[in-house]
1. Of a type in the set (Gly, Ala, Ser), surrounded by 22 or more Cβ atoms within 10 Å (Cβ to Cβ), assigned to a helix (DSSP H, G or I) and touching a residue at least 12 places away in the same chain (Cβ under 8 Å): does that describe residue 446?
2. Please work out which one of (1) assigned to a loop (DSSP other than H, G, I, E, B); (2) of a type outside the set (Lys, Arg); (3) modelled with pLDDT of 85 or more is the condition residue 485 fails and give its number.
3. Residues to consider are 350, 314, 338, 319; find the one that is assigned by TED's automatic domain parsing to the domain that holds residue 513, farther than 23 Å from residue 513 by Cα and touching a residue at least 12 places away in the same chain (Cβ under 8 Å).
4. Checking the structure you have, find out if any residue of region 88-98 is surrounded by fewer than 14 Cβ atoms within 10 Å (Cβ to Cβ) and of a type in the set (Val, Ile, Thr).
5. Only one of (1) acidic (Asp, Glu); (2) surrounded by 23 or more Cβ atoms within 10 Å (Cβ to Cβ); (3) farther than 18 Å from residue 377 by Cα fails for residue 493. Which number is that?
6. How many residues, within region 357-396, are without any contact (Cβ under 8 Å) to a residue 60 or more places away in the chain and under 19 Å from residue 432 (Cβ atoms)?
7. Can you confirm whether residue 442 is within 20 Å of residue 600 (Cβ to Cβ) and in contact with a Leu (Cβ under 7 Å, 6 or more places away or on another chain)?
8. Would you say residue 37 is over 34 Å from the mean Cα position of the chain (by Cα) and surrounded by fewer than 17 Cβ atoms within 10 Å (Cβ to Cβ)?
Amino acid sequence: MGRKGITLIFLTLDVIFFYCAYLGALFFRFDNSIPPIYLHSWLILAPGATLLTLLAYYIFGLYRRLWRYASIGEMYAVLGGVSVGALLVVALAYIFIYPYTLIAPLPRSIFFVAWLLNLIFVGGTRFYLRSVSHLRGSSGNTNKNKHSRVVVETKKRVLIVGAGDAGAMVMREFQNHPDLGIKPLGFIDDDLRKKGLYLMSVPVLGTRHDIPRIVADAHIDEIIIAMPSAAGSIIREIVNICSGTGAILKTLPGVYELIDGKVAVSQLRDVQVEDLLGREPVQLDMDEIAAYITGKAILVTGAGGSIGSELCRQIARFQPSSLILLDKTENNLFEIEQELSNCYKDLNIQFELADIRDAALIRHIFDKYKPQVIFHAAAYKHVPMMERFPQHAVSNNILGTYNVAAAAKEHRSEIFILVSTDKAVSPSSVMGATKRAAELIIQHLSNQCMQEGIATCFAAVRFGNVLGSRGSAIPIFKRQIAQGGPITVTHPDMVRYFMTIPEAVQLIIQAGALSSGGEIFVLDMGEPVKIVDLARDLIRLSGLIPDKDIEIKFIGIRPGEKLREELFATQEKRMATKNSRIFITRSEGGDFQEVASLVEELCNGYRWSQPEDAINLLGSFFSSLTGQNSIVLSQFSQEAVNN
């Protein structure tokens, strides 16, 4: 039956229920013998009262809901619709009818009893449909298989960790998909007040420390961690407890991935090492973000990379007037083009295969699209590779950044955000030095805009290693595990700050809303993580034992690497923003004369092909900054030239 037919049936039933409720109330009030005077009064009131009640039902959406999936929200809708409808009937009677007619007013108790009966009739019918739907789904799934007894007996026995909102959503998904053959046997929650209680007819059996006993006693096949916003230390402890049970371990996507707050069965996945690094999420001001992205022309450079492609996905949600994707790698651009074109058919998406080192082409692209907001994610980022080819690091990370930023200033774009790195702090590598120079160029252009009265807002975002990005530790470790080991780690004491890709991108987007010009934004990323601990966690998640099934081999620190990265240089002042997890720093004083000289040298005759020129350029630039970093740079300069 179509939607109109179902709505007509509900309307008819609601009218019948309405009349039955009031007539029933009259019967109860007068002991089954309604005086004619009150029956006459009701018949005069009934037509208008019926229309007002149906109007209230419509306003509360009682005819626009799928009642087979009714939940607490639908219950509130029924309560609101029936209650407002009853109030409208009372208002109609005592304001518009009784003062102007000679009919006898109905006893006041009639309205209350009728409200209660109507609530039972309307709510009961709809939630009865929900119950019947679930019963039919369960029986239908069984009848599809001639060997229904085998299906029941071989259901997957599941334990859910987390008896909160996420756990309830997972449970509801299992109830709505009985064909999956999943039988949830219980919840685990560390809140002792919940133990022994039932969530959606499934008991809370104990705390995380009870997991091994419960898995053994109940023959659990799979454990699902339904705690998407839990800290990484908590997830790590739960994983360690579960690892010896033999049960399959699954989890929900992290809080950064669950943007819409909904859970589908298809989203359940294996626990990944990224889940063990979780932290309290950065709360984004979605209204601020929408205000500067919605309806604007947005340009993303490096759009096919790990950060750039996720930027495009998240920006597309805010409905920009156009989204321009720029990348110099054909395959990367093709892949993100295919994905976004399929997912956002109504969005104006443009693609440009271009190299940011080509200043004339960049100016042409700005002339063509006139972007208002620019996210500059294009960069060479691999530290050892840039040690071997410093000339390309300089030309891409410094000159390329200047080309895009200068075009943004020339075309009076509104916002320019540079994606930077913690390796720019007291740099010990070519890559870090070029990213620090890029930060200074952005601040130099911001200073120029303020002096010239140009409204373009320049800022940079600095964060640590991004898990899962191309060339990062996790994909390398996974390949090494698949090959049987060993996993190669540079040093047992090496630590890094880590972020997930969605987390990094949301910081970048939020920075555009917070910036007033010239800032470097830094996320409070908690405590740094030992690389060797990361390797051991990944081995365990693969079902193997570190140093037994997979060897961990230490190969020594590579050129340009440090044991520990920093988020702020010693001379940088950390300042708070209105977001307690995001900080800013600015360059103190100075006329940026050294930066201007660097830009002039880059734009006038710099030879990309000579590594010696790149090293000399970086060395003289940082030495000119009141001696800043000149000693550190001398450590890698000779290595880079020799390589």
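1. Criteria met by residue 446.
2. (3)
3. Only one candidate qualifies: 350.
4. Within region 88-98 (the criterion being surrounded by fewer than 14 Cβ atoms within 10 Å (Cβ to Cβ) and of a type in the set (Val, Ile, Thr)), the answer is yes, since at least one residue qualifies.
5. In the conditions (1) acidic (Asp, Glu); (2) surrounded by 23 or more Cβ atoms within 10 Å (Cβ to Cβ); (3) farther than 18 Å from residue 377 by Cα, residue 493 misses (2) alone.
6. 3
7. Judged against the criteria, residue 442 is a match.
8. Criteria met by residue 37.
The values are calculated or read from the model by the stated rules, or taken from the named source; none is laboratory data. Remember, it's a predicted structure, so these values are computed and weren't measured experimentally. Quick reminder, even Gly has a Cβ in these numbers, built from the backbone with ideal geometry, and neighbours come from all protein chains shown.
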